[in-house]
1. Within the stretch 29-42, identify whether any single residue is within 16 Å of ligand 2 (Cβ to nearest atom) and of a type in the set (Asp, Glu), and answer yes or no.
2. Can you tell me which of 3, 62, 92, 18 is touching a helix residue (DSSP H, G or I) at 6+ places or on another chain (Cβ under 6 Å) and more than 23 Å from residue 190 (Cβ to Cβ)?
3. Of the residues in the stretch 100-125, how many are in contact (Cβ under 8 Å) with a residue 60 or more places away in the chain and within 16 Å of ligand 2 (Cβ to nearest atom)?
4. Please specify each residue of the stretch 164-206 satisfying the condition of being more than 22 Å from residue 7 (Cα to Cα), in contact (Cβ under 8 Å) with a residue 24 or more places away in the chain and either within 13 Å of ligand 1 (Cβ to nearest atom) or surrounded by fewer than 22 Cβ atoms within 10 Å (Cβ to Cβ) (or both).
5. Which of the residues spanning the stretch 13-47 are under 24 Å from residue 248 (Cα atoms), surrounded by fewer than 24 Cβ atoms within 10 Å (Cβ to Cβ) and near ligand 1 (Cβ under 9 Å from one of its atoms)?
6. Determine whether the stretch 94-111 contains at least one residue that is farther than 23 Å from residue 257 by Cβ, out of contact with any Leu (no Cβ under 6 Å at 6 or more places or on another chain) and aliphatic (A, V, I, L, M).
7. Can you name every residue in the stretch 252-289 that is touching an Asp or Glu at 6+ places or on another chain (Cβ under 9 Å), assigned to a loop (DSSP other than H, G, I, E, B) and either surrounded by fewer than 20 Cβ atoms within 10 Å (Cβ to Cβ) or charged (D, E, K, R) (or both)?
8. Could you count how many residues in the stretch 233-242 are part of a helix (DSSP H, G or I) and either of a type in the set (Asp, Glu) or touching a strand residue (DSSP E or B) at 6+ places or on another chain (Cβ under 6 Å) (or both)?
Amino acid sequence: MNILLTGGAGYIGSHTAIEFIEKGHSVVIVDNLVNSNHFAIKRIEEISRQKIPFYNIDVADIANLDKVFCKHKIDAVVHFAGLKAVGESVQIPVKYYRNNIDSTLGLLEIMEKHNVVNFIFSSSATVYGNNNDIPYNENMLAGNCSSPYAWTKFFIEQILKDVAVVNQNFSVVLLRYFNPVGAHPSGKTGENPNGIPNNLFPYISQVAIGKLSELKIFGNDYPTKDGTGVRDYIHVVDLAKGHVAALEYAEKHKGAEAINLGTGRGYSVLDIVKTFEKANNVKIPYQIVGRRAGDLSEYYADASKAVLLLNWKAEKTLEDMCRDTWRWQRQNPNGYDE
Ligand code: NAD
Ligand code: UFG
């Protein structure tokens, strides 16, 4: 199949491109590089040993997007493009709604014009909101979201469900990611945050390499096994393989289906620090500070629907996630800035 990856130069998109190519598919990437770097495309090409058609355009620019669909016969779309910083979305909500929703609407219009009906969407566990019990399962009512970012995912899911009602040929899988971490085992691609990282894994690896002096652990008074926050961390290569499985499913089915991509297992911040130290033989100095506003104490996936419908489950261990993160950081101390 010829698969269009919007946002394919980003963290998850680049790893997914590699897995699709590995399975014999072709990919076309559209990305405006607002949160990524063109060297990521070069690295995908190095790993997969082939040239990737890449277009530096905004997905909301439908005139140029139309040209991409005219030039390439697209069979399916995986829509990663979007702004994703939860805290920033609270500060600049209009920009988040405009970017994430406009780009999806433009994409749907052009897909309809070209009669493309298979769609995979990057949703998020944040759509479960603040009041659901753990583990989160797909039958729970989503909503009650805690940030504009999460609401964009919630609204886009609804838009896609509405399209599936009227277009009987449309097939969409709403993949609700938990916490993607890690890097490609080659060390050539990984997460490349701008400035000081917000997220735990890139922060820890920058402490390990000496760019940051110590990790600040946000709270040790949560009602969890050791008081620190618990999340469902999933290796980005497992997550990428989940997209390959989701597309195989989408081809054979119609309608909209929400599916969690997680491991089903929660680890605390202290679990991560200890495992990272042991797996990589490094020291992570840390200090306990106050809770971060907006953080939930603990959540993880009920991962059974993905097994049932996609015949997919995460296989890599927490040690793999820590080892691969560290390999990427060591080999690329300044990310993609070659
Ligand atoms: P990322 O920022 O690395 O990748 C997103 C890519 O989209 C970037 O390359 C960016 O340049 C591009 N982009 C953004 N707006 C665009 C637009 N209008 N037109 C063209 N390109 C545009 O993020 P990621 O971690 O790879 O996340 C991919 C998707 O998965 C996002 O939609 C994100 O919200 C979602 N997601 C991520 C996480 C996570 O923790 N990383 C968790 C849940 C969901
Ligand atoms: N944490 C620290 N110190 C840090 C960074 C994080 O203690 O410097 C803690 C957090 O408090 C939390 C855990 O580590 O308990 C994980 O935090 P992350 O920032 O890595 O991840 P979040 O769970 O907050 O959010 C992530 C992504 C979102 C996505 C969500 C989906 O950032 O974009 O997962 O579940 F929507």
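The values are calculated or read from the model by the stated rules, or taken from the named source; none is laboratory data. This is a predicted model, so every value here is computed, not measured. Virtual Cβ from ideal backbone geometry, glycine too; neighbours counted across all protein chains shown.
1. As a first pass, look at the stretch 29-42 and keep what is within 16 Å of ligand 2 (Cβ to nearest atom): 34-36.
Keeping just the survivors that are of a type in the set (Asp, Glu) gives none.
The answer is no, given that none of the residues of the stretch 29-42 is within 16 Å of ligand 2 (Cβ to nearest atom) and of a type in the set (Asp, Glu).
2. Details: 3 fails: more than 23 Å from residue 190 (Cβ to Cβ); 92 fails: touching a helix residue (DSSP H, G or I) at 6+ places or on another chain (Cβ under 6 Å); 18 fails: more than 23 Å from residue 190 (Cβ to Cβ).
Selected residue: 62, the only one of 3, 62, 92, 18 that is touching a helix residue (DSSP H, G or I) at 6+ places or on another chain (Cβ under 6 Å) and more than 23 Å from residue 190 (Cβ to Cβ).
3. 3
4. Narrowing the stretch 164-206 to residues more than 22 Å from residue 7 (Cα to Cα): 164-169, 200, 203-206.
Checking which are in contact (Cβ under 8 Å) with a residue 24 or more places away in the chain leaves us with 164, 167-169, 200, 204-206.
Result: 164, 167, 168, 169, 200, 206.
5. none
6. Yes; the residues of the stretch 94-111 include at least one that is farther than 23 Å from residue 257 by Cβ, out of contact with any Leu (no Cβ under 6 Å at 6 or more places or on another chain) and aliphatic (A, V, I, L, M).
7. Passing the criteria: 264, 265, 283, 284, 285.
8. Going residue by residue through the stretch 233-242, those that are part of a helix (DSSP H, G or I) are 236-242.
Then drop every residue that is not either of a type in the set (Asp, Glu) or touching a strand residue (DSSP E or B) at 6+ places or on another chain (Cβ under 6 Å) (or both), which leaves 236, 238-239, 242.
Result for the stretch 233-242: 4.
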